[in-house]
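Everything below concerns the one structure shown next.
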Number of protein chains: 4
Amino acid sequence: MTKIALLTSGGDAPGMNAAIRAIVHSCQHHQYECIGFFHGYNGLLNDEWQALTHADVGNILQFGGTILKSARCPAMCLPKGPKQAANTLRKHQIDALIVIGGDGSFRGLEALKAHWEGQIIGLPGTIDNDLAGSDNTIGFATAVTTATHAIDKIRDTANAFERVFIVEVMGRHSGHIAFNVGLATGAEAILSFENCDPADTAPQLARLISQIQVQQQHNHDSFVIVLAENLWPGGPQALKAQLAEQAGIDSAVCVLGHIQRGGSPAPEDRLLATELGLEAVNAVSRNQDRIMIGKQGSTLQAVPLSGAINDGKPVNGRWVAAHEDVLTEYLIKHSE
Amino acid sequence: MTKIALLTSGGDAPGMNAAIRAIVHSCQHHQYECIGFFHGYNGLLNDEWQALTHADVGNILQFGGTILKSARCPAMCLPKGPKQAANTLRKHQIDALIVIGGDGSFRGLEALKAHWEGQIIGLPGTIDNDLAGSDNTIGFATAVTTATHAIDKIRDTANAFERVFIVEVMGRHSGHIAFNVGLATGAEAILSFENCDPADTAPQLARLISQIQVQQQHNHDSFVIVLAENLWPGGPQALKAQLAEQAGIDSAVCVLGHIQRGGSPAPEDRLLATELGLEAVNAVSRNQDRIMIGKQGSTLQAVPLSGAINDGKPVNGRWVAAHEDVLTEYLIKHSE
Amino acid sequence: MTKIALLTSGGDAPGMNAAIRAIVHSCQHHQYECIGFFHGYNGLLNDEWQALTHADVGNILQFGGTILKSARCPAMCLPKGPKQAANTLRKHQIDALIVIGGDGSFRGLEALKAHWEGQIIGLPGTIDNDLAGSDNTIGFATAVTTATHAIDKIRDTANAFERVFIVEVMGRHSGHIAFNVGLATGAEAILSFENCDPADTAPQLARLISQIQVQQQHNHDSFVIVLAENLWPGGPQALKAQLAEQAGIDSAVCVLGHIQRGGSPAPEDRLLATELGLEAVNAVSRNQDRIMIGKQGSTLQAVPLSGAINDGKPVNGRWVAAHEDVLTEYLIKHSE
Amino acid sequence: MTKIALLTSGGDAPGMNAAIRAIVHSCQHHQYECIGFFHGYNGLLNDEWQALTHADVGNILQFGGTILKSARCPAMCLPKGPKQAANTLRKHQIDALIVIGGDGSFRGLEALKAHWEGQIIGLPGTIDNDLAGSDNTIGFATAVTTATHAIDKIRDTANAFERVFIVEVMGRHSGHIAFNVGLATGAEAILSFENCDPADTAPQLARLISQIQVQQQHNHDSFVIVLAENLWPGGPQALKAQLAEQAGIDSAVCVLGHIQRGGSPAPEDRLLATELGLEAVNAVSRNQDRIMIGKQGSTLQAVPLSGAINDGKPVNGRWVAAHEDVLTEYLIKHSE
């Protein structure tokens, strides 16, 4: 009987539970055995696991987090970790390992593959949406939803005070969250890797100052800046200080932080996770190996794991242009 | 100077405000004049309108409803209505009319075209997602989100009581909402046009009864049936009665109703509405006519208005199969 | 060692889990043993239970439903049920039984007392808030919150269409939910037991019609009627038909239903449930018996169980007057 | 004709709009004229105002922020400000001024009184709940709700990673938000003014470290610390550094920030604001002066403005004890 192992790894993402559920149901459909390892790759190193049947995955798809727990596992970057993990898989006579995680987790999977003969399948699970091969990753829609509703709340108080807010959103080194959230909230400015060079922020700062001044002089309204984490040297507090020093602009800082990682998954994430989870087991049955299952448009795709990690997935350039050339053009026009 | 008129028509859908905002910004970018008519086509019949500039559309994209109000307008199906509407457009020297609405609204647009020389552009705005030419319609994601979270709440009480619930969702005559919501909530049964013949519900009823009995005997858990509106003869109350009469199964009925039409739009709807709104004005500038702007994958598409109305857009068959053949297979297996 | 049994009974209410958690923690503080029976009184009849320590109640206070399940138990109204329940309690050497539920559950507790020597303590757990002796019952705040946000959504579509909506809320035979929700949503009319005689609805109907007509003629706006369940003969559909027949007024009906019973409990319910749960065990340690623990103002109170059941708790008359004499006066004035 | 002026001042709080609406309706009931000044006291200094009738306050009670805008106004602390404000009030022949705000706003009101003969009435509007004379202030329930649901999300990722989180909540110099939110989320530790001396944090730090170590060794679970703003010297980052340095404990910091000020008001805040708003105008009609309207239990109270500002309102001591002596006792016991 084919036996599948599964684990969730790296930063947890809402929808991981829905993926686990789908994998387990699909295993039962294919009459495969399924076991889950706990705490990411640590579960493989420590041989911590449980068998999974449909009774174990009832009533979990609506909850954030992951019933298998997650963790980062630095040992997988050392020579010893992957070997030990391979031994555990061999001991349990695992035929295929499915890992739900981000690029670090996929690198671990590749490292493991050097020591293990079984199939390896990745599912894109990260709120940052920074994996190629799938339009969206599991957790991204929920993070965007949470950040959007948080900024809606901030907008209320920003409007009442006609105030400038700098709101830092997650995204690691990509602007997917920043641009989705910035456009969804009608942010007056979006500062992200796609439109701002961290090595030379002066032009962006000058432009921002002139836009804020236009807004304050002409529209008497709030001004929300959505800032991608890891972009601005010194972070949002540095930006706040620069606005104050260079133009006497008072602003408030909000770092949305880990609320973006949790919460009941958005329906979109539940559906994506369900589809990808079902297809991962189908891929095992087709003897596919070293792939990530993604969704592009409405099509499920198996893409090489290496490509998912290494190929970038840029933010839609149309969006960047729409934001700067059309939606906030009234600020630019007035400032010239 | 090019002059664009815009209105929202038919059942309102969350995200219509975001579309209005984007159209107005895009008009300013193209240096077009923009006016909005109120109450759908009635505004054209009664010459009720206001000029729209970016100051009028500040701080609206996060709210449900539509600042232009909406309405159904039976007069547009009579010969007189479209003529009168055309007169109003001529009087205001309108070059292009953009209508955000569903298939009824698009039929009105076609009727109007027979009497008017300007360009007509439709944007898909309906929670039902029943228009061809766009993967999603504006409002659909919000309706799915609202219904999903409502059923999450119902699941709590269903679990506490190990009870059977029949939950009716909207969708007019398509199962897009039913299947999205059913899969997103892990519904034990989804009854919709795609998997159930309203003219012969007996087989579906028999199957449902046997699945409920399996669940009650083996799993001792709740059982949620997501039912598409307009499907079951006699509606959810008839289904409840049949379950009681034919198998002694007690169930509770919830009709989610109009909560699915309102609320702050989901980020996905705000983004879709923004993209479609911007593109609608671009289409005017390209002299396009009798089209609907849709989004397929990540590509914006102009499709013939007639196609949007008449070509069906089926629910993804993979989803129907996934639900019945894999995700609820444990109920079927046991019941054999 | 003192041994406490606990169960949740009757209609489940969000916050029951928080009460269970507090009781278990308080038992450990007092060094009491604690066991929970499942499915309300059925657990006593069927001897279905589990021991409860703090590890069993981690991470449950934020979830709706009840980990002990709930049920109605008609057998407790027959002579045999209470006897059998008493035998189970004796078998487990229970010193005190804590029941979280509504008036039916408390009647069961009283019936049981006739056959059992232990202490009985009730905690008010019902969304209807229809128990005397506590300002609020566990679950009430969540039901009000859910219904309020649902009507906010309905208001969006009502505004877009300038439409009349009849929204039925729960409450059994009291207007606590109706008045809290009606006032919180700015409903134009609230129909409940406090201001409408079910045996003679004609005056209320006439008044309602004249108010709707004022609104439609003068304010051109939406009109939301919050209707208490079990009030209007024939229910909301009858009211809709009467509005249509007697005045040609078109309206839409929404029955909010069981979404009011579920969902993550509002903070207010979590806090109330926690305080009452802790105090219930304190009451056991003080040898109190045949009481319900309630909260009045900021004071915890032990009230006789019989009073909680039999004394009515009227809706604040100030609220009824505020709604009719002040907040909706503009409708009445114009209609005179 | 009596003429009432009203303004919202200081940090905005969800529910202010509901209070404005109630005041306007109550003015119409009493046949008083009502005007609103913008931007807090600045509106008085700049003579920026609008007349308010019920048409102006339709459809606002469900939204955060304030239609009258708010601001801090340092000029009111100088001799000139109050004089100028008094002149504006005299110019408009105002009989009574109602201010919705916190203690700073009430001090401004007192300063104004020295130069003006009209009646002054305060309504408690601040998320911090730090005014005596009213059990709750307008905005407090919403802030608690927002922070609670935010920590629910953080709990998901904390559980997945079995991680320590330090979550800073607002509250200025009181622990009302910290204790309500900490208890509502089942926080393992609450650090606030009521149980921690900012001048000597060493004992609290030692206790915290030992509790975290117990949790990590015995329960293998997440650990959430709710920290009141302005308490810990150096803020949450300092606490994080101390946990790392003194005990090698890794933790993550979230500062919830301004999301706590915005959002659709909780029903509780809408109801409180409505009651207080109606009563404020009643107080004018009774010739009351220099009072704040509060609600204690279910009773509306007029309290001297000076008392509202100067008398402290401590956090319920029962709650502090419940948290430390009962709900988290398992952490303390194991650590001994």
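Regarding residue A:52, is this residue under 22 Å from residue A:291 (Cα atoms), buried (at least 20 other Cβ atoms within 10 Å of the Cβ) and assigned by TED's automatic domain parsing to the domain that holds residue A:272?
no
Could you tell me which residue of segment B:157-173 is nearest to the other protein chains (Cβ to nearest Cβ), considering only residues that are touching a residue at least 12 places away in the same chain (Cβ under 8 Å), farther than 19 Å from residue B:244 by Cβ and buried (at least 22 other Cβ atoms within 10 Å of the Cβ)? Show your work before the answer.
Here is the first cut: in segment B:157-173, the ones touching a residue at least 12 places away in the same chain (Cβ under 8 Å) are B:158-159, B:161-173.
Retained after the next criterion (residues that are farther than 19 Å from residue B:244 by Cβ): B:159, B:169-173.
Filter again for buried (at least 22 other Cβ atoms within 10 Å of the Cβ), leaving B:159, B:169-171.
Working: B:159: 5, B:169: 12, B:170: 11, B:171: 15 Å.
Among those residues, the one meeting the criterion is B:159.
Of (1) touching a residue at least 24 places away in the same chain (Cβ under 8 Å); (2) in the same structural domain as residue A:175 (by TED's automatic domain parsing); (3) within 26 Å of residue A:194 (Cβ to Cβ), residue A:301 satisfies all except one. Which?
In the conditions (1) touching a residue at least 24 places away in the same chain (Cβ under 8 Å); (2) in the same structural domain as residue A:175 (by TED's automatic domain parsing); (3) within 26 Å of residue A:194 (Cβ to Cβ), residue A:301 misses (2) alone.
Just checking, how many residues over segment A:256-266 are without any contact (Cβ under 8 Å) to a residue 12 or more places away in the chain and under 17 Å from residue A:20 (Cα atoms)? Explain how you work it out, then say what you get.
From segment A:256-266, those without any contact (Cβ under 8 Å) to a residue 12 or more places away in the chain are A:258; that's our starting set.
Add one more test, that the residue is under 17 Å from residue A:20 (Cα atoms), and what stays is none.
Total meeting the criteria: 0.
Among the residues of segment C:189-224 satisfying the criterion of being touching a Gly at 6+ places or on another chain (Cβ under 9 Å) and within 23 Å of residue B:39 (Cβ to Cβ), which is surrounded by the most Cβ atoms within 10 Å (Cβ to Cβ)?
C:224
Residue under question is residue D:161, and the condition is that it be touching a Leu at 6+ places or on another chain (Cβ under 9 Å) and assigned by TED's automatic domain parsing to the domain that holds residue D:255; does it hold? Steps first, answer last, please.
Working: touching a Leu at 6+ places or on another chain (Cβ under 9 Å): no; assigned by TED's automatic domain parsing to the domain that holds residue D:255: yes.
Answer is no for this residue.
So which residues in segment C:83-93 are closer than 27 Å to residue C:31 by Cβ and either open to solvent by 60 Å² or more (accessible area, probe 1.4 Å) or modelled with pLDDT under 95 (or both), if there are any at all?
Of the residues in segment C:83-93, the ones closer than 27 Å to residue C:31 by Cβ are C:85-93.
Within segment C:83-93, C:87, C:90, C:91, C:93 qualify.
Only one of these is within 14 Å of chain C (Cβ to nearest Cβ) and touching a residue at least 40 places away in the same chain (Cβ under 8 Å): B:63, B:106. Name it.
Numbers: B:106 fails: within 14 Å of chain C (Cβ to nearest Cβ).
Of the residues listed, the single one that is within 14 Å of chain C (Cβ to nearest Cβ) and touching a residue at least 40 places away in the same chain (Cβ under 8 Å) is B:63.
What tally of residues in segment D:104-127 results from selecting those that are within 22 Å of residue D:179 (Cα to Cα) and open to solvent by less than 10 Å² (accessible area, probe 1.4 Å)?
Going through segment D:104-127, the residues within 22 Å of residue D:179 (Cα to Cα) turn out to be D:124-127.
With open to solvent by less than 10 Å² (accessible area, probe 1.4 Å) added as a condition, the list becomes D:124-125, D:127.
The qualifying residues number 3.
May I ask you to list the residues in segment B:178-214 that are more than 21 Å from residue A:277 (Cβ to Cβ), among the hydroxyl-bearing types (Ser, Thr, Tyr) and in a loop (DSSP other than H, G, I, E, B)?
Hits for segment B:178-214 are B:192, B:201.
What do you reckon, is residue D:202 at pLDDT 95 or above and in contact with a Ser or Thr (Cβ under 9 Å, 6 or more places away or on another chain)? Before you say what the answer is, go through the steps one by one.
Numbers: at pLDDT 95 or above: yes; in contact with a Ser or Thr (Cβ under 9 Å, 6 or more places away or on another chain): no.
So residue D:202 fails the test.
Tell me which of these residue B:168 doesn't satisfy, since it passes every other one: (1) assigned to a helix (DSSP H, G or I); (2) closer than 20 Å to residue C:261 by Cβ; (3) in contact with a Gly (Cβ under 9 Å, 6 or more places away or on another chain).
(1)
How many residues, within segment C:29-49, are open to solvent by 60 Å² or more (accessible area, probe 1.4 Å) and either under 20 Å from residue C:278 (Cα atoms) or without any contact (Cβ under 8 Å) to a residue 40 or more places away in the chain (or both)? Lay out the reasoning, then the answer.
So the first thing to find is which residues in segment C:29-49 are open to solvent by 60 Å² or more (accessible area, probe 1.4 Å), and the list is C:29, C:31, C:33, C:46, C:48-49.
The next check asks that each one be either under 20 Å from residue C:278 (Cα atoms) or without any contact (Cβ under 8 Å) to a residue 40 or more places away in the chain (or both); those that pass are C:29, C:31, C:33, C:46, C:48.
Count: 5.
Out of B:253, B:224, B:284, report the one residue that is in contact with a Phe, Trp or Tyr (Cβ under 9 Å, 6 or more places away or on another chain), closer than 22 Å to residue A:326 by Cβ and in contact (Cβ under 8 Å) with a residue 12 or more places away in the chain. I'd like the intermediate steps shown before the answer.
Working: B:253 fails: closer than 22 Å to residue A:326 by Cβ; B:224 fails: closer than 22 Å to residue A:326 by Cβ.
Residue meeting the stated conditions: B:284.
Would you mention how many residues in segment B:121-156 are farther than 16 Å from residue B:273 by Cβ, polar (S, T, N, Q) and touching a residue at least 60 places away in the same chain (Cβ under 8 Å)?
The number of residues fulfilling the criteria is 1.
For segment D:223-320, give me every one of the helices (runs of 4 or more DSSP H) that falls completely inside it and has 3 or more residues that are within 14 Å of another protein chain (Cβ to nearest Cβ). Walk me through how you get there before you give the answer.
Values: elements: D:235-247, D:267-285, D:305-310.
Counting at least 3 such residues, we get D:235-247, D:267-285.
Condition (residue is touching a helix residue (DSSP H, G or I) at 6+ places or on another chain (Cβ under 7 Å), surrounded by 22 or more Cβ atoms within 10 Å (Cβ to Cβ) and within 14 Å of chain C (Cβ to nearest Cβ)) applied to segment B:94-103: is it met by at least one residue?
So far as segment B:94-103 goes, yes, one or more of its residues are touching a helix residue (DSSP H, G or I) at 6+ places or on another chain (Cβ under 7 Å), surrounded by 22 or more Cβ atoms within 10 Å (Cβ to Cβ) and within 14 Å of chain C (Cβ to nearest Cβ).
Output the residues belonging to segment D:110-151 that are within 14 Å of another protein chain (Cβ to nearest Cβ) and assigned to a helix (DSSP H, G or I).
D:140, D:141, D:142, D:143, D:144, D:145, D:146, D:147, D:148, D:149, D:150, D:151
Please go through segment D:237-269 and pick out each residue that is among the β-branched types (Val, Ile, Thr) and open to solvent by less than 20 Å² (accessible area, probe 1.4 Å). It would help to see each step written out before you state the result.
Residues of segment D:237-269 among the β-branched types (Val, Ile, Thr): D:249, D:253, D:255, D:259.
Listed by number, the residues that qualify are D:249, D:259.
Determine the pairs where a residue that is farther than 18 Å from residue C:165 by Cβ and more than 7 Å from chain D (Cβ to nearest Cβ), located within segment C:180-200, has a partner that is among the aliphatic types (A, V, I, L, M) and open to solvent by 10 Å² or more (accessible area, probe 1.4 Å) with Cβ atoms under 6 Å apart, the partner being 6 or more residues away or on another chain.
Correct list of pairs: C:194/C:315; C:194/C:320; C:195/C:320.
The values are calculated or read from the model by the stated rules, or taken from the named source; none is laboratory data. Note that this is a predicted model, so its numbers are computed, not measured. When we count neighbours, we look across all protein chains shown, and the Cβ atoms used for this are built from the backbone with ideal geometry, even at glycine. Each accessible area value is taken on the protein alone, full model and side chains, heavy atoms only, with ligands, DNA and RNA left out. Shrake-Rupley method; radii C 1.70, N 1.55, O 1.52, S 1.80 Å.
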